[in-house]
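K.L.:
Following this message is one structure expressed as structure tokens.
The values are calculated or read from the model by the stated rules, or taken from the named source; none is laboratory data. Note that this is a predicted model, so its numbers are computed, not measured. Cβ atoms come from the backbone with ideal geometry, glycine included; neighbour counts cover every protein chain shown.
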Amino acid sequence: MSELEQLRQEAEQLKNQIRDARKNACDTSLAQAAANVEPVGRIQMRTRRTLRGHLAKIYAMHWATDSRNLVSASQDGKLIVWDGYTTNKVHAIPLRSSWVMTCAYAPSGSFVACGGLDNICSIYSLKTREGNVRVTRELPGHTGYLSCCRFIDDNQIVTSSGDMTCALWDIETGQNTTTFAGHTGDVMSLSLAPDMRTFVSGACDASAKLWDTRDGMCHQTFTGHESDINAITYFPNGYAFATGSDDATCRLFDIRADQEIGMYSHDNIICGITSVAFSKSGRLLLGGYDDFNCNVWDTLRQDRAGVLAGHDNRVSCLGVTEDGMAVATGSWDSFLKIWN
Amino acid sequence: MRNLAVIMADNDAHQHPRHMMYAKMENLIRCMQFSENAIPVRSQKLFLTTVPDAFAGQDLIDWLYTKLQTEERLHASHLANLLCQYGYLFPVSDQKNLVVKDDNTLFRFQTPYFWPSNNWKPDHVDYAIYLAKRTLRNKQRHGLEDFEQVAFNKLQKMLAHKWDFIFMQAEEQFKQSKERKKADKIIVDSQEKAFWRVQRPPPGQTRCLDEAVTRHIKPTLKKKTVETCQREIAFLQRSQKRPRLKISKAAESILLFSEQYYSHDPFLSAVPPSNPWLSDDTLWWELNTPLVDTPSELRIRRWGFSLEELLKDPTGIAEFEEFLKKEFSQENLHFWLACEEIKYLPKSLVTERVQAIYSAFLAPGAPHEVNVDGKTYELTQKAIENPDRFTFDAAQSHIFLLMKKDSYQRYMRSEDYRNLLETAALQPNARKGRFFNFGSTKSKKSPQPSPGYVRRRGSEISDSSTSDAAPVLGVKGHHSYSTGNLQSLHQASLRWKLSTEKVNTLLRLEAGGDLSKKRSSVDSKRTTSGTVLPKRIEKLDLCNSPSGGGGGQTSKDTLEVPSAHGSSEESEENPCMALAVPSKMNVVAPWETA
């Protein structure tokens, strides 16, 4: 037997062992465990603010940590920083490349980042001495479009790209500190763990991967989805995460159990999910769908608790504030709505 | 019509992100038409005419409602509308609004030839032929709408060089259509019109078929090399060795968490004082700034959930520190804060900071010595040889556990903590005096409550004095155009700054010099006290990389970094100031064909 054959057999054996180990851990289901939990009842949310100002499809939005300001990116080539509460535009930043696909707000509130088809993550400083907003750093290096970016702090940012990798950057030097390679499809989204030591990424190869920000290693791979994963977000306790996919389902994966433990779908929901977010307690999972609606799921009982209807086109992005007070949805109809 | 249908190979199917959705829709459509309980499709009488091959919107929604067991008729209606907007069925009369009404309005199925899953990408020429054909026919029935006329005029100019060909095609198709039977003609015409309605909607209508960027997957490598196999095996081995938690336990932990935070979740419980988005009152944000003199009850309770939660809150840290000072055990907390802070420092400052932390907390005879066990100490000594942000990870974890088991538990049972809860802001029986006391936190112990001002949860705050006296912390926010509370953003960055200052103070005291002179003073300290430290660490010069090269980096598999753009400070000629940039209307992304 050739060495290759031997190795292949060894790999197969290990895969079987892992599959068995996962099965062994599967002694119940989340739905069963939550059978006695009180249903959350009907969740009805209304639009409290509509943010008008973009002239084309909105592709991404991100709340600031003060739960009041947010940044949104649109195909019209603008990044707008809003005060959601008063609906004032704090900054309207014209971009060098209008094909923007993602944006992020730094936890300190001093920077925003964006990127897209230009393959570059651009960092903008909001608090310059002169009082204007300008690019402070451009992070080239990806060979594919930038699909998502998230700040760890003012110095470090993680990006995911259509070149099938994620990267950790040191903003001050503009260097790519670590590359996370392993996905076999465009990486569409990422989410940082609450302690920022790890992050999860979802890709077009229908798998989600858990990475260690320190050493660049992929610690775990989660499969189960039948199509591209478009959105991913951590559960607030950091031990689980939810994904949204083109196969019209959202799924909950537990990190310590190393497998999928919940699925959120219905026969009459056939459109893909573009974005997901948890409420503060994690009890509610909100998903933005291609069918112009946002569905609210009871994370534990796995049934639909409510619907947010109000957009005239695909809901492309969604985010819950850090204090859990409101959820914002951004859509291809060029409006952002804030609900609770 | 020219046959533009593309037969999709597996790969192509993937590149069409909606292929799963189309498959599901088509399944439904087929069931609707051909299954046992199919929707009745027949010639319907509408006023004085007969409409062939049609069905009522109501029947469609009924069918979906029954078949899919949706909770509400509303969901079935939504799905029906979706089918319409993607072009699987269309209203016979009003084609402008692709809406399925839950009544007797008539609809028709689209022919499979025109289904969106065929990956149609009709271009200007096709559209021109279609419009030209319509102009050849009966003006009353087939005349162009205004927007179509506008488009037609544009196309005539744009495609002037091809116009003969286009017109010829149009005439050819017109001839063919004349040969059809009347009933067939009506149906085929309506289907073609519906197709174009979806492909080229009138202005102001959504184009459902718009897609985002094309995506790719790498086809699985047919050839596996020995190397890739070995790497895969290494990964699988690590995975196999990993202990897996039973789902019952995992589920339990999720349930517990949700339950614990239920009353802290504004979507599920009314969180006092009120939801600012609803009540137009920003008290909630003012009370929940990172550093506040009188934290709310809910917030204080959260500190009791876990030490992690306490350490996330700058006010929690401040209160905990006060408590620890009494017990003279605050170095643990300071050490933990220093270790956290170093993770967010600019890379250039890391090495020095590692030295400073070591000297202050871990070196034998250090001024703020913390206790780590032997093994951890050894690990740390080794890690210092290659200082980075995570050098103190092991030590930090150890100290964290110590605090968790010991001082944190005591704090939770302490009088200090209990007093905090009693005097917290926003309790059902909040005492007005306590609430407005921004004095020193030490005054929390004073017991006299002022008489009965009861603040009901969620009430609107109309008392003008409350708004004046809301806890303002005298921190000036940066100037900006926002009328919002940027103070809290500033304070988020204050959070780390505070610990930095603390750490700096500690380090300064110990070294007797300011931080920039750290190295020399550390050296002198070493020689004087005779401490044995590992070999001298070369300062990595990480700031000066003018050509953007990756020299000296420890990155793995560095992506190729093209020559860096000039540093923004110098070459920035167009600051992103202009709020009056001419707007771009109707922008179409490169991946959307016009």
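K.L.:
When the range A:204-217 is examined, which residues are found to be under 11 Å from A:Cys166 (Cα atoms) and either modelled with pLDDT under 95 or surrounded by fewer than 19 Cβ atoms within 10 Å (Cβ to Cβ) (or both)?
P.N.:
Residues satisfying the conditions are A:Thr213, A:Gly216.
K.L.:
Looking only at the range A:178-198, decide whether some residue is in contact with a helix residue (DSSP H, G or I) (Cβ under 9 Å, 6 or more places away or on another chain), at pLDDT below 95, at the interface with chain B (Cβ under 8 Å from one of its Cβ atoms) and crowded, with 20+ Cβ neighbours inside 10 Å.
P.N.:
Scanning the range A:178-198 turns up at least one residue that is in contact with a helix residue (DSSP H, G or I) (Cβ under 9 Å, 6 or more places away or on another chain), at pLDDT below 95, at the interface with chain B (Cβ under 8 Å from one of its Cβ atoms) and crowded, with 20+ Cβ neighbours inside 10 Å.
K.L.:
Residues of the range A:77-98 being part of a loop (DSSP other than H, G, I, E, B) and free of Cβ contacts under 8 Å to residues at least 40 places away in the same chain, which ones? Give the steps one after another, and end with the answer.
P.N.:
Here is the first cut: in the range A:77-98, the residues part of a loop (DSSP other than H, G, I, E, B) are A:77, A:84-87, A:95-98.
Hits for the range A:77-98 are A:Gly77, A:Tyr85, A:Thr86, A:Thr87, A:Leu95, A:Arg96, A:Ser97, A:Ser98.
K.L.:
Continuing with the same structure: Quick one: in the range B:40-74, of everything that is touching a Leu at 6+ places or on another chain (Cβ under 6 Å) and away from every other protein chain (no Cβ under 13 Å), which residue is surrounded by the most Cβ atoms within 10 Å (Cβ to Cβ)?
P.N.:
Out of the qualifying residues, it is B:Ala54.
K.L.:
When you scan the range A:276-321 for strands (runs of 3 or more DSSP E) that lie fully inside it, which ones turn up with 1 or more residues that are more than 14 Å from the chain's Cα centre (by Cα) and in contact (Cβ under 8 Å) with a residue 12 or more places away in the chain? Steps first, please.
P.N.:
Details: elements: A:284-289, A:293-298, A:304-309, A:315-320.
Fully inside the range A:276-321 and qualifying: A:284-289, A:293-298, A:304-309.
K.L.:
Scan the range B:81-125 for residues that are assigned to a helix (DSSP H, G or I), aliphatic (A, V, I, L, M) and in contact with a strand residue (DSSP E or B) (Cβ under 8 Å, 6 or more places away or on another chain) and jot them down.
P.N.:
Matches in the range B:81-125: B:Leu83 only.
K.L.:
Please specify each residue of the range B:200-235 satisfying the condition of being more than 31 Å from the chain's Cα centre (by Cα) and in a helix (DSSP H, G or I).
P.N.:
B:Val226, B:Glu227, B:Thr228, B:Cys229, B:Gln230, B:Arg231, B:Glu232, B:Ile233, B:Ala234 - these are the residues of the range B:200-235 that are more than 31 Å from the chain's Cα centre (by Cα) and in a helix (DSSP H, G or I).
K.L.:
Turning to a different aspect of this structure: Can you name every residue in the range B:178-191 that is charged (D, E, K, R) and buried (at least 20 other Cβ atoms within 10 Å of the Cβ)?
P.N.:
Across the range B:178-191, there are no qualifying residues.
K.L.:
When residues of the range A:111-143 are filtered for being within 22 Å of A:Cys166 (Cα to Cα) and more than 8 Å from every other protein chain (Cβ to nearest Cβ), how many remain?
P.N.:
So the count comes out to 13.
K.L.:
Give me the residue from the range A:199-215 that is more than 19 Å from A:Gly244 (Cβ to Cβ) and in contact with a Phe, Trp or Tyr (Cβ under 8 Å, 6 or more places away or on another chain) and, out of that set, farthest from the other protein chains (Cβ to nearest Cβ).
P.N.:
A:Trp211
K.L.:
For the range A:187-242, enumerate the residues that are aromatic (Phe, Trp, Tyr) and outside any strand (DSSP E or B).
P.N.:
The answer is A:Phe235, A:Tyr239.
K.L.:
Let me ask another. For the range A:249-275, which positions are crowded, with 24+ Cβ neighbours inside 10 Å, more than 7 Å from every other protein chain (Cβ to nearest Cβ) and part of a loop (DSSP other than H, G, I, E, B)?
P.N.:
Within the range A:249-275, just A:Ile269 meets the criteria.
K.L.:
Here's another thing I want to ask about it. How many of the residues in the range B:205-238 are at pLDDT below 90 and small (Gly, Ala, Ser)?
P.N.:
Final tally of qualifying residues: 1.
The rows are residues; the columns are (1) over 10 Å from A:Val200 (Cβ atoms); (2) of a type in the set (S, T, N, Q); (3) in contact (Cβ under 8 Å) with a residue 12 or more places away in the chain; (4) touching a strand residue (DSSP E or B) at 6+ places or on another chain (Cβ under 6 Å).
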position	(1), (2), (3), (4)
A:Glu226	yes, no, yes, no
A:Gly238	yes, no, yes, no
A:Phe253	no, no, yes, yes
A:Gln259	yes, yes, yes, no
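K.L.:
Here are some residues: B:Phe114, B:Phe107. Which one is more than 27 Å from A:Gln75 (Cβ to Cβ), in contact with a Pro (Cβ under 8 Å, 6 or more places away or on another chain) and aromatic (Phe, Trp, Tyr)?
P.N.:
B:Phe107
K.L.:
Any idea which of A:Trp82, A:Trp63 is of a type in the set (Phe, Trp, Tyr), within 30 Å of A:Thr221 (Cβ to Cβ), touching a strand residue (DSSP E or B) at 6+ places or on another chain (Cβ under 6 Å) and more than 7 Å from chain B (Cβ to nearest Cβ)?
P.N.:
After applying the criteria, what remains is A:Trp63.
K.L.:
Which is of a type in the set (S, T, N, Q), in contact with an Asp or Glu (Cβ under 7 Å, 6 or more places away or on another chain) and at pLDDT 85 or above, of B:Ser263, B:Ser248?
P.N.:
The unique qualifying residue is B:Ser248.
K.L.:
Condition check: under 17 Å from the mean Cα position of the chain (by Cα), within 8 Å of another protein chain (Cβ to nearest Cβ) and buried (at least 19 other Cβ atoms within 10 Å of the Cβ). Does A:Ile157 satisfy that?
P.N.:
no
Residues are listed down the side, and each one gets a yes or a no for (1) more than 10 Å from chain A (Cβ to nearest Cβ); (2) within 30 Å of A:Ser275 (Cβ to Cβ); (3) out of contact with any Leu (no Cβ under 8 Å at 6 or more places or on another chain):
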residue	(1), (2), (3)
B:Trp163	yes, no, yes
B:Phe167	yes, no, yes
B:Ile186	yes, no, yes
B:Trp196	yes, no, yes
B:Pro202	yes, yes, yes
B:Arg207	no, yes, yes
B:Gln237	no, no, no
B:Gln240	no, no, no
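K.L.:
Here are the criteria: (1) out of contact with any Pro (no Cβ under 9 Å at 6 or more places or on another chain); (2) over 21 Å from A:Ser67 (Cα atoms). Tell me which single one B:Glu319 does not satisfy.
P.N.:
Status for B:Glu319: all satisfied but (1).
K.L.:
Which residues, counting only those in the range A:76-111, are in contact with a Gly (Cβ under 9 Å, 6 or more places away or on another chain), farther than 21 Å from B:Pro276 by Cβ and of a type outside the set (A, V, I, L, M, F, W, C)?
P.N.:
A:Lys78, A:Pro94, A:Arg96, A:Ser97, A:Ser98, A:Thr102 - these are the residues of the range A:76-111 that are in contact with a Gly (Cβ under 9 Å, 6 or more places away or on another chain), farther than 21 Å from B:Pro276 by Cβ and of a type outside the set (A, V, I, L, M, F, W, C).
K.L.:
Say we look at the range B:85-101 and pick out the residues that are closer than 17 Å to B:Cys31 by Cβ and within 13 Å of chain A (Cβ to nearest Cβ); which of these is surrounded by the most Cβ atoms within 10 Å (Cβ to Cβ)?
P.N.:
If we take residues in the range B:85-101 being closer than 17 Å to B:Cys31 by Cβ and within 13 Å of chain A (Cβ to nearest Cβ), then B:Tyr88 is surrounded by the most Cβ atoms within 10 Å (Cβ to Cβ).
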